[in-house]
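Input: a single structure, listed below in structure tokens.
None of the figures in this text is laboratory data; all of them are computed from the coordinates on show. The model shown is predicted, which means the values in this text are computed figures rather than measured ones. Methodologically, a virtual Cβ is constructed for each residue, glycine included, from the backbone with ideal geometry; neighbour enumeration extends over all protein chains shown.
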Amino acid sequence: MSERLKGKHAILTGAAGGIGLAVATAYLAQGARCTVADLGGQPTPELAALMARHPDTLAYVPTDVRHMQSIDALLVAAQARFGPVTTLFNNAAIFDMAPLLQSDEAMYDKLFAVNVKGAFFVMQKVLAQMVETGVAGGSVINMASQAGRRGEALVSHYCASKAAIISYTQSAALAMAPHKIRVNGIAPGVINTPMWAHVDSLFAKYENLPVGEKKKRVGLAVPLGYMGDPTDICGAAVFLASDDAAYITAQTLNVDGGSVMS
């Protein structure tokens, strides 16, 4: 253990499983205190097991990022337990898709409420707390996606929501630079999380594929030849949260096996 994050307090949203849980595990291993937020009233079994191993440095706060009061309650609980927040891993998001001409207002509202509105106001409120408490060297990491780098015919709203995250990352980085708070993003490629069962089923429906075929194809299409694992995001997430990245801000790092070049 190198303890690159010793003394830091990270909030991680959407972290009861998948990428968020993997990053929380990595942050704890590097010496951070972590407040994990997700929708469930109780932690998932996987998160509960992690909490049992880190009773003094890991707390769970049920949070719905669509609602301002819930975000406010998360920040109050986090600061009360572990002190001022120094790091945000802004990860909560949902996925849906449909052909462009069939995509309705309800799908648009649902995706943008979480992926854009929720992510923005979590970021804004954490940044406001960092400024108010005088945090030096604060770091925000917004989770974008390779989908935010390009459009896809069946995935228009999700792609647009992740493009918004890249743009907000740049704007927030410039706004926070005078406070010496860094704002960066990570754009994962195809990562083998539990959400992919849902994604694959939707592609099977709209592209008339056998279940499992889309997942197989997208993995083979990655230049490195396979889908990533949630732990493949951890190196970038630890680096951007650490003082090793002290001169990096306004960047969105592709962690995608070579799928997007920018």
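Observations, loosely collected:
Condition check ((1) closer than 11 Å to I11 by Cβ; (2) without any contact (Cβ under 8 Å) to a residue 60 or more places away in the chain; (3) crowded, with 17+ Cβ neighbours inside 10 Å) across all residues:
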residue: A59; (1), (2), (3): yes, yes, yes
residue: H67; (1), (2), (3): no, yes, no
residue: L75; (1), (2), (3): yes, no, yes
residue: Q79; (1), (2), (3): yes, yes, no
residue: V116; (1), (2), (3): no, yes, yes
residue: K125; (1), (2), (3): yes, yes, yes
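- Restricting the first member to the range 2-13 and to residues that are under 11 Å from C34 (Cα atoms), and the second to residues that are of a type in the set (D, E, K, R) and outside any loop (DSSP other than H, G, I, E, B), the beta-carbon pairs closer than 6 Å and six or more apart or on different chains are H9/R33.
- Looking across the range 1-49 at every residue that is surrounded by fewer than 24 Cβ atoms within 10 Å (Cβ to Cβ) and of a type in the set (S, T, N, Q), the one that is nearest to D72 (Cα to Cα) is identified as Q42.
- Residues located in the range 121-134, provided they are of a type in the set (A, V, I, L, M, F, W, C) and either touching a strand residue (DSSP E or B) at 6+ places or on another chain (Cβ under 9 Å) or under 12 Å from N90 (Cα atoms) (or both): F121, V122, M123, V126, L127, M130
- Flag: T86 matches the condition of being surrounded by 22 or more Cβ atoms within 10 Å (Cβ to Cβ) and either β-branched (V, I, T) or on the phi > 0 side of the Ramachandran plot (or both).
- For the range 1-44, a residue qualifies if it is in a helix (DSSP H, G or I) and touching a Gly at 6+ places or on another chain (Cβ under 7 Å), and exactly one does: G20.
- Number of the exception - A172 against (1) surrounded by fewer than 22 Cβ atoms within 10 Å (Cβ to Cβ); (2) farther than 27 Å from D104 by Cα; (3) not aromatic (F, W, Y): (1)
- Count - residues of the range 221-255 that are of a type in the set (G, A, S), surrounded by 14 or more Cβ atoms within 10 Å (Cβ to Cβ) and assigned to a loop (DSSP other than H, G, I, E, B): 2
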